[in-house]
1. Can you find a residue that is assigned to a strand (DSSP E or B), among the hydroxyl-bearing types (Ser, Thr, Tyr) and at pLDDT 95 or above anywhere in segment 47-67?
2. Within the set of pairs 6 or more residues apart or between chains, which connect a residue that is surrounded by fewer than 18 Cβ atoms within 10 Å (Cβ to Cβ) inside segment 81-109 to a residue that is modelled with pLDDT of 95 or more and of a type in the set (Phe, Trp, Tyr) with Cβ atoms less than 8 Å apart?
3. Quickly run through segment 17-49 and pick out the residues that are buried (at least 16 other Cβ atoms within 10 Å of the Cβ) and among the β-branched types (Val, Ile, Thr).
4. Using beta carbons and a limit of 6 Å, which pairs, at least six apart or on different chains, have the first residue in segment 54-76 and closer than 19 Å to Gly110 by Cα and the second one in a strand (DSSP E or B) and of a type in the set (A, V, I, L, M, F, W, C)?
5. Among the residues of segment 72-90, write down those that are part of a loop (DSSP other than H, G, I, E, B) and farther than 17 Å from Gln24 by Cα.
6. When residues of segment 91-110 are filtered for being outside any loop (DSSP other than H, G, I, E, B) and under 11 Å from the mean Cα position of the chain (by Cα), how many remain?
Amino acid sequence: MTASYACSSSAAAAAPAAAPITGQTLSRDDVLALLERGPGPLHFEQCDFEGADLSRLELRGAQFTDCTLAGASFEKSTLVDSRWLGCRAGLANFQLAELTDARWYRCDLG
């Protein structure tokens, strides 16, 4: 994997623009529909993205809190200023994703 990860020792996160999406199992089509709703970063809590193809998506400023991302693909996605808090992302693919200023806190990436 060629992507690098910024690590943070604090849980500081960008303020979400809308209420968090909570406890959902989400596919690529679900995330695309959410992105079409309008501007502002998405905020996911306790959502399941296991195995989802989220490649090449614009997820700037998105926040993922206590989400399951095992095997998900974020290849070539824009994840600038994203926040990852307590997520489980074993075998997730972040190859060539844009992760500038992304912050990871208490996440399992192994």
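The values are calculated or read from the model by the stated rules, or taken from the named source; none is laboratory data. Predicted, not measured: the structure shown is a model, and the values here were computed from it. Cβ atoms come from the backbone with ideal geometry, glycine included; neighbour counts cover every protein chain shown.
1. The initial filter retains those residues of segment 47-67 that are assigned to a strand (DSSP E or B), namely 48, 53, 58, 63-65.
Next cut, among the hydroxyl-bearing types (Ser, Thr, Tyr) only: 65.
With the extra rule that they be at pLDDT 95 or above, the set shrinks to 65.
Looking through segment 47-67, at least one residue is assigned to a strand (DSSP E or B), among the hydroxyl-bearing types (Ser, Thr, Tyr) and at pLDDT 95 or above.
2. From segment 81-109, the pairs are Gly86/Tyr105; Tyr105/Trp84.
3. Of everything in segment 17-49, those that are buried (at least 16 other Cβ atoms within 10 Å of the Cβ) and among the β-branched types (Val, Ile, Thr) turn out to be Ile21, Val31.
4. Cβ pairs passing all conditions: Phe64/Phe44; Phe64/Trp84; Thr65/Leu85; Cys67/Phe44.
5. Going through segment 72-90, the residues part of a loop (DSSP other than H, G, I, E, B) turn out to be 72, 74-77, 79-82, 86-87, 89-90.
Across segment 72-90, the qualifying residues are Phe74, Glu75, Lys76, Ser77, Leu79, Val80, Asp81, Ser82, Gly90.
6. Going through segment 91-110, the residues outside any loop (DSSP other than H, G, I, E, B) turn out to be 93, 98, 103-105, 108.
Still in the list and also under 11 Å from the mean Cα position of the chain (by Cα): 103-104.
Final tally of qualifying residues: 2.
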